[in-house]
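Asks: Structure below; questions to follow.
Read the figures in this text as sums done on the coordinates, not as results from a lab. No experiment lies behind these values; they were computed from the predicted model shown. So basically every Cβ, Gly included, is an ideal-geometry build from the backbone, and we count neighbours across all protein chains shown.
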Amino acid sequence: MNEYKGVVFLDRDGTINYDAGYINHIDNFIMYPYAAQAIRMLNKSGYYVIVITNQSGLGRGFFNEETLEEIHNYMVKTLKEQGAVIDGIYFCPHDPNAKIEKYKAVCNCRKPETGLVEMAFKDFNIDKSNMYFIGDKHSDILSGHKSGCKTIMVKTGYGQGDLINKSHKWEVKPDNIANTLLDAVKLIVKN
Ligand SMILES: [Mg+2]
Ligand SMILES: [Zn+2]
């Protein structure tokens, strides 16, 4: 087994699964058909696969942590059945205007901030010379860039719209653009 451990941080909604707004029920959580294949390729190439996701729907009261946990358990189990392993999941529940008091915060973990990646740095022994962040939004690219990752923007989810929207302010451009998570992973694995 490959001992080498770089890391690929993955956004969730619009990257692994169809972005269906605030996903407040497991029935709205539908993974892209290539998700397992992509993650399996990363596992085999010796990368940790860690999900980094903003879930301000918690703070806004659209769903609770039990529902989020149910969705994540389902995601992990369904992928595992296809031989694909998620090593960790970190989520930000916060929103500055949250209805739920305990989640009301200007935090350092909501992407484009880097707090979630920093939590992963504490929990995993990561080779920081080989880190990637894949996501469908500018906030993913920014969070990844600030964390020292190479960044790949996918065109699924909000990606295509963000890329063609000329008024969009790019603080940082993605290092690469790929049609899907699978194409992004192919770019990483062939390096
Ligand atoms: Mg997303
Ligand atoms: Zn947060």
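Asks: Per the Kirkwood formula on distinct C-alpha pairs, the Rh of segment 1-108 is how many angstrom?
Replies: When all Cα pairs of segment 1-108 are included, the Kirkwood radius is 14.6 Å.
Asks: Relative to the compact globular guide of 2.2 N^0.38 Å, what is the alpha carbon radius of gyration of segment 68-128, as a ratio? Walk me through the numbers before you get to the answer.
Replies: On the way: Rg = 14.4 Å, N = 61, 2.2 N^0.38 = 10.5 Å.
Normalised Rg, Cα atoms only: 1.37.
Asks: May I pose another question? Just to be sure I understand the model, the point goes 7 Å from the Cα along the line to the Cβ. What's the resulting residue 30 to residue 119 distance in nm?
Replies: Calculated label separation equals 2.9 nm.
Asks: Sticking with this one: What would the Debye formula give as log10 I(q)/I(0) at q = 0.08, 0.11 Å⁻¹ for the alpha-carbon point model of segment 6-189, no solvent?
Replies: Rounded to two decimals, the profile gives -0.22, -0.43.
Asks: Quick one: Kirkwood hydrodynamic radius for segment 95-151, alpha-carbon pairs, angstrom, one decimal?
Replies: 12.3 Å is the Kirkwood radius here.
Asks: Whose amide H sits under 5 Å from the amide H of residue 5, counting only residues 5 or more places off or on another chain, with H placed in the peptide plane?
Replies: Amide H neighbours of residue 5: 127.
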